[in-house]
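The values are calculated or read from the model by the stated rules, or taken from the named source; none is laboratory data. Please read these numbers as outputs of a predicted model, since none were measured by experiment. Virtual Cβ from ideal backbone geometry, glycine too; neighbours counted across all protein chains shown.
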Amino acid sequence: MMKGMTDRKMHPSNEKGMTLVTVMLLVAVLVVLGTTAVMMSTMDRKISGNYKTSNEAFYAAEAGIEEARTRLLGTNAEADYVGDPATTPNLLWSSYIVSSSEWAITDDATYNASYTNYVPTTSSHTSTTFSPNSVQSNISYLVKMKHKTEYDAEQAGHSTTNPHYEDNDGSTALHTAAAPGNFIYYGYNASIQLVQYTTAAATSDEVIKIVTSYGRSGNGKKVIFAEVAKLPPVAVPAALYARGTVTTNGSSQNIDGRDNCFSPPTGSNPPIYTMTPSVTGYSGVGMPTFNGATRDPLLYPVYPNYPTNPVMGPIDINITTMVDVYGTTYDQRIEEDLNGGTYGSPSNYVTVYSDTNNPYLVQGLSVSNVTGYGILVVRGDLTLNGGFTWNGLVICSGTITFNGGGLGVNINGAVLANTTVTMNGGLDLRYNGCQLANAFQRSSMQILSWKEGM
């Protein structure tokens, strides 16, 4: 017994105090884990917050681009217009849209004192007072607009070996910011293809606009650069232009090629223009066929040109390209047959688009009892029925059938058909240059290029 007691005194237990040490170590580990979790959570919140403000700033910059696209339409006579107010384009024109007083002119990294730097207001399109002039104040952005020049194209990489545009001014010399060269236009070339180009003299074509939009949200800031341009007007050669065959059935189609913008109508455009067979490749193309289309001049004295003088010639309008372009720049879209409705107004011409393959319409698009102002663009076949009245331009990539029963089909402007046209029943089609000008003037600004800046 004494020996056992002695052994215990000589060899005390090694586990004495280990519980306390273990608890302390566990507490230390938990403190480290908790601290790490808090730091990670804080960092995640910061990252999430930064991502959110960055996205909000990006969307604000996009909103600025959209306001610019809308307010660059129209003319200097309109209060909200922010485009170049000069009668002929000013090489050093620039203007701003300012959404709030938090922005200063120094926020524009591209500011150039030699430019006009207008801040248009409803009372003065040439005001230079830097203050809010946006149509809204809930989103923070600053937008600058200017004409695109040869110098701008060169800064983006244009050269004789890497052309960004068709250089038609007879000079390939490089340019400077102080001498930026000619304007860059967006329009149709000799092949009726949409291109960027220069010309030796200013024309009525639309100059491309460079739009720089800065968006802000909290500490986040984004910048977007875009080039925008209107789809240029097309020289419509007749009230009805067709690349395919034209057939009239009956005697109730009135087609007047004179310009009914004026009273009395003026000009000598033919009522109908068809392509020569050698150009179109359609075997049946030729002069229009008039089945029973006799006309008593005493009953219809207003239409002396009906349609005794249709023209067949080589003008080849690239309607497919036009439909492709309008398919991305429309204001309203039609996805089903229509019987009733109004599109646009006398003060608001719109672009209306329908793709009969998406969603698929078996018989193409059929429209009845509809009134519209602007440009109606249809990819596929189109049937226009009684009660259809349109002021502007109708463009169709497929066949067009006029079934003008009842109130008939009434078009003030022009029609462009890519293939065949068949006219049944009442049709009153009058070329109208004013309606066409209004329709093209209000056509949407197309985005030609877009990139996000640093």
Selection within region 402-437 - β-branched (Val, Ile, Thr) and either closer than 13 Å to residue 376 by Cβ or modelled with pLDDT of 95 or more (or both): 409, 411, 415
Of the residues in region 351-380, how many are surrounded by fewer than 21 Cβ atoms within 10 Å (Cβ to Cβ), out of contact with any Leu (no Cβ under 8 Å at 6 or more places or on another chain), assigned to a strand (DSSP E or B) and not hydroxyl-bearing (Ser, Thr, Tyr)? 2
Which residue is modelled with the lowest pLDDT, if the candidates are limited to region 229-246 and must be outside any strand (DSSP E or B) and hydrophobic (A, V, I, L, M, F, W, C)? 231
Would you check if there is a residue in region 430-438 being within 21 Å of residue 374 (Cβ to Cβ), in contact with a Ser or Thr (Cβ under 6 Å, 6 or more places away or on another chain) and of a type in the set (Gly, Ala, Ser)? no
In region 438-454, which residues are part of a strand (DSSP E or B) and modelled with pLDDT of 85 or more? 447, 448, 449, 450, 451, 452
Between a residue in region 369-383 that is over 15 Å from residue 341 (Cα atoms) and free of Cβ contacts under 8 Å to residues at least 60 places away in the same chain and any residue that is assigned to a strand (DSSP E or B) and of a type in the set (Ser, Thr, Tyr), which pairs come within a Cβ distance under 6 Å, given they are 6 or more apart or on different chains? 377/353; 378/354; 383/366; 383/401
Among the residues listed as 179, 226, the single one being under 22 Å from residue 73 (Cβ atoms), at pLDDT 90 or above and not β-branched (Val, Ile, Thr): 226
In region 381-413, which residue that is part of a strand (DSSP E or B) and of a type in the set (S, T, N, Q) is nearest to residue 443 (Cα to Cα)? 391
Looking only at strands (runs of 3 or more DSSP E) that fall completely inside region 118-214, which ones have 2 or more residues that are touching a Gly at 6+ places or on another chain (Cβ under 6 Å)? 140-147
In region 318-329, residue farthest from the chain's Cα centre (by Cα) [restricted to those that are surrounded by 17 or more Cβ atoms within 10 Å (Cβ to Cβ) and at pLDDT 85 or above]: 319
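Table: residues versus (1) farther than 20 Å from residue 138 by Cβ; (2) outside the structural domain of residue 131 (by TED's automatic domain parsing); (3) over 21 Å from the mean Cα position of the chain (by Cα); (4) modelled with pLDDT of 95 or more.
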| site | (1), (2), (3), (4) |
| --- | --- |
| 61 | no, no, no, yes |
| 71 | no, no, no, no |
| 75 | yes, no, no, no |
| 87 | yes, no, yes, no |
| 90 | yes, no, yes, no |
| 93 | yes, no, yes, yes |
| 98 | no, no, yes, yes |
| 107 | no, no, yes, yes |
| 118 | yes, no, yes, yes |
Restricting attention to region 405-415, the residues that are surrounded by 24 or more Cβ atoms within 10 Å (Cβ to Cβ) and more than 14 Å from residue 432 (Cβ to Cβ) number exactly 1
Look at residue 395 and say whether it is surrounded by 23 or more Cβ atoms within 10 Å (Cβ to Cβ), within 24 Å of residue 332 (Cα to Cα) and in contact (Cβ under 8 Å) with a residue 40 or more places away in the chain. yes
Taking the condition exposed (fewer than 11 other Cβ atoms within 10 Å of the Cβ) and modelled with pLDDT under 85, does residue 346 pass? no
